[in-house]
1. Projected onto the charge dipole of the chain (+1 at Lys/Arg Cβ, -1 at Asp/Glu Cβ, origin at the Cα centre), which of ILE81, LEU178, PRO56 gives the Cα projection farthest towards the positive end?
2. With n ≥ 4 as the cut-off for DSSP H runs, can you work out [θ] at 222 nm for the chain, using -39500 (n - 2.57) per run divided by the number of residues, rounded to the nearest 500?
3. Using Cα positions and a limit of under 27 Å, work out the lysines in reach of LYS124, with same-chain residues fewer than 8 apart set aside.
4. Just to compare against my own numbers: the Cα pair-distance distribution for the chain, 5 Å bins, whole % per bin, please.
5. Are there any helices in the chain, counted as whole DSSP H runs, that stretch 24 Å or more along their axis by Cα and score at least 0.5 on average by Kyte-Doolittle, and if so which?
6. Pull out the extension gain between LYS193 and GLN120, defined as 0.36 nm times the separation in residues minus the alpha carbon to alpha carbon distance; nm, one decimal.
7. Provide the net charge surrounding VAL211, with neighbours chosen by a C-beta distance below 13 Å and charges set as Lys +1, Arg +1, Asp -1, Glu -1.
8. What would the Debye formula give as log10 I(q)/I(0) at q = 0.26 Å⁻¹ for the alpha-carbon point model of segment 33-97, no solvent?
Amino acid sequence: MDYILEMRNISKRFGEVNALRQVNFAVACNEVVGLVGDNGAGKSTLIKIVTGYHTPDSGEVYFNGQKLEGLSVAEARQLGIETVYQERALANLQTLWRNIFMGRELTTHLGFLDVNGMKQETEKLMIGSMGFTSAAVAPDAVVGTFSGGEKQGVSIVRALYFNAELIILDEPTMGLSLSETRKFLEFVQGIKKAGKSSIFIDHNVFHVYSVADRIVVLDRGAVAGEFLTKDITLDELMEKMYRVAQTGSLD
């Protein structure tokens with residue numbers, strides 16, 4: 001199997017706290033991996049190592065087969081690692097096209113902003129690539145008028161447009177209504193259709209199970225279990241997670 005991300009024997013301490021202990025974690029090309037576990041399980045620390053915020057104390061990280069040394073946040077983005085946070089880091093008072101291209105605007109050959117080009121690209125992305133059907137989602141529409149699910153979809157579209165290879169979804173459904181969440185989960189499926197990979201972190205196991213190919217359970221800084229969703233029912237997964245939370249073991 002071809003992996004876009006491989007983390008081997010990753011350990012990380014903060015003072016007396018062992019945040020990660022010999023963690024092995026991987027994401028295949030064109031795969032959605034759910035990362036679940038209780039608060040303090042180590043999910044955030046693991047992701048911050050992937051995105052360059054933290055350096056592991058020991059272990060190795062590979063991206064597209066290349067060993068990464070001293071990865072920075074800027075270098076992670078250059079490699080194609082993008083994060084969609086629960087805060088939905090969008091400018092609510094700005095138009096959709098400005099949000100898509102914010103900080104990475106298209107310009108004409110004379111160096112001026114290519115406003116028409118950005119609007120056309122936005123329309124193609126929202127309707128063609130991600131299947132937005134609402135008439136309210138137009139290039140000149142103000143993002144603040146969108147639903148929570150639509151805002152998260154915009155963040156995913158922006159990441160895909162700028163050649164993200166691995167999109168990390170960090171508690172993206174928090175604060176979303178049921179209908180907004182359903183729409184957002186459709187956008188997650190759009191990541192796979194685009195041929196990209198994703199790590200989906202969420203406290204709601206039902207959301208993760210509905211779109212993930214594989215689920216990795218972290219507990220107290222270590223991998224407690226790993227399951228292909230096609231081989232396990234949601235009830236079975238929840239029972240195993242409950243057992244881990246209570247005993248620290250799947251046995």
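What follows is calculated from the coordinates using simple rules that are stated; it is not laboratory data. Note that the coordinates shown come from a computational prediction; the quantities given were computed from them, not determined experimentally. Methodologically, a virtual Cβ is constructed for each residue, glycine included, from the backbone with ideal geometry; neighbour enumeration extends over all protein chains shown.
1. It is ILE81, whose Cα lies furthest towards the positive end.
2. Values: 8 runs with 81 residues, N = 251.
Here the helix-only value at 222 nm equals -9500 deg cm²/dmol.
3. LYS151, LYS183, LYS192, LYS193, LYS196
4. 1, 6, 13, 17, 18, 16, 12, 9, 5, 3, 1, 0, 0, 0
5. None pass (Cα extent of 24 Å or more, hydropathy at least 0.5).
6. 24.1 nm
7. Values: positive: ARG182, LYS183, LYS192, LYS193, ARG214, LYS230; negative: GLU31, GLU186, ASP202, ASP213.
Within the 13 Å Cβ shell, the charges total +2.
8. -1.24
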